[in-house]
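The next block holds one structure in the form of structure tokens; read it before the comments.
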Amino acid sequence: MSVRVDVDKCQDTAAGQGVSAMPTFIFYRNRTKIDRIQGADVNGLEAKIQEHIGTAGGDEGGEDYGQGLMELNTFISKQECECLNEADDHNLKHALASAGGYLQSDCDEQLILSITFNQAVKIHSLKFKAPSHLGPKDVKLFINQPRTIDFDMAESMTSVQDLSLAQKELESGVPVNLRYVKFQNVQNIQIFVKNNQSGGDVTQIDYIGFIGSPIMTTKMNDFKRVAGKKGESH
């Protein structure tokens, strides 16, 4: 659904949304502002629409979690993500969408998932889906690390939060609440899977979802020059 607003007649609305030039397109999902683009760039607008519609089709973003919360997988910068000890044929990208496939460990049961978002987000809860006997059990969470940590670091470092997942949580995919106050400005999150439910050498994750809300920031690339040449003042 789209709504067109006449900024001359609705000046308070325009000011409240930070609209200073036309046209400005603001995107909402589940009543939460998720993105914006400014300027009459048809190709840019189409790409932005496909970005949000396309990624939502591959995750579970249609669910209503209430409290202004939503699935944040749309905001994952997949080219900046990596997973240590992933199997070649069952890598991280399969677990970031619910369309099929799964993430599986390679040499042993441990995994480190490094997830980067394309803007700052608040993370309220995590959702894991996995076979009850192969899914992760003890998990350590780290945020805003300058690079992907290794397994020795993950073992020794103090985490932001530790989780102990139950089999029923993995089977149903019920959201697991985090200490929300600790995850208010997350650029990246690293998930250390220490072991799995069976104690075996293979860990499997069918899907992992991040639930919360984006922190709206101004993206300078969305602004288009409307007059003058580079270097001129206005």
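The values are calculated or read from the model by the stated rules, or taken from the named source; none is laboratory data. Computed from a predicted structure; not experimentally measured. All Cβ positions, glycine included, derive from the backbone under ideal geometry; neighbour counts span all protein chains shown.
Would you be able to say whether some residue in segment 194-210 is in a helix (DSSP H, G or I), in contact with a strand residue (DSSP E or B) (Cβ under 6 Å, 6 or more places away or on another chain), buried (at least 19 other Cβ atoms within 10 Å of the Cβ) and modelled with pLDDT of 95 or more?
no
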Residues (charged (D, E, K, R) and touching a residue at least 60 places away in the same chain (Cβ under 8 Å)) located in segment 81-117: Glu82, Asp108, Glu109
Pairs with Cβ under 6 Å, 6+ apart, first in segment 62-75 and part of a loop (DSSP other than H, G, I, E, B), second among the β-branched types (Val, Ile, Thr) and modelled with pLDDT of 90 or more: Tyr65/Ile211; Leu69/Ile211; Leu72/Val121
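Of all residues in segment 176-190, which are touching a Phe, Trp or Tyr at 6+ places or on another chain (Cβ under 8 Å) and either free of Cβ contacts under 8 Å to residues at least 60 places away in the same chain or not β-branched (Val, Ile, Thr) (or both)? If you could, list the steps in order and put the result at the bottom.
Narrowing segment 176-190 to residues touching a Phe, Trp or Tyr at 6+ places or on another chain (Cβ under 8 Å): 176, 186-190.
Hits for segment 176-190 are Val176, Gln187, Asn188, Gln190.
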Long-range neighbours under 9 Å by Cβ, at least six apart or interchain, first residue in contact (Cβ under 8 Å) with a residue 60 or more places away in the chain and over 19 Å from Arg179 (Cβ atoms) within segment 134-150, second aromatic (Phe, Trp, Tyr) and crowded, with 18+ Cβ neighbours inside 10 Å: Gly135/Phe128
Contacts under 7 angstrom Cβ, first residue in segment 152-175 being among the aliphatic types (A, V, I, L, M), partner assigned to a helix (DSSP H, G or I), 6 or more apart: Val160/Lys182
Index of the failed condition, Ala120 passing every other in (1) out of contact with any Ser or Thr (no Cβ under 9 Å at 6 or more places or on another chain); (2) surrounded by fewer than 17 Cβ atoms within 10 Å (Cβ to Cβ); (3) aliphatic (A, V, I, L, M): (1)
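Residue-wise test of (1) polar (S, T, N, Q); (2) within 19 Å of the chain's Cα centre (by Cα); (3) over 25 Å from Ala87 (Cα atoms).
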residue	(1), (2), (3)
Phe142	no, yes, no
Gln145	yes, yes, no
Gln161	yes, yes, yes
Leu170	no, no, no
Val174	no, yes, yes
Arg179	no, yes, yes
Gln187	yes, yes, yes
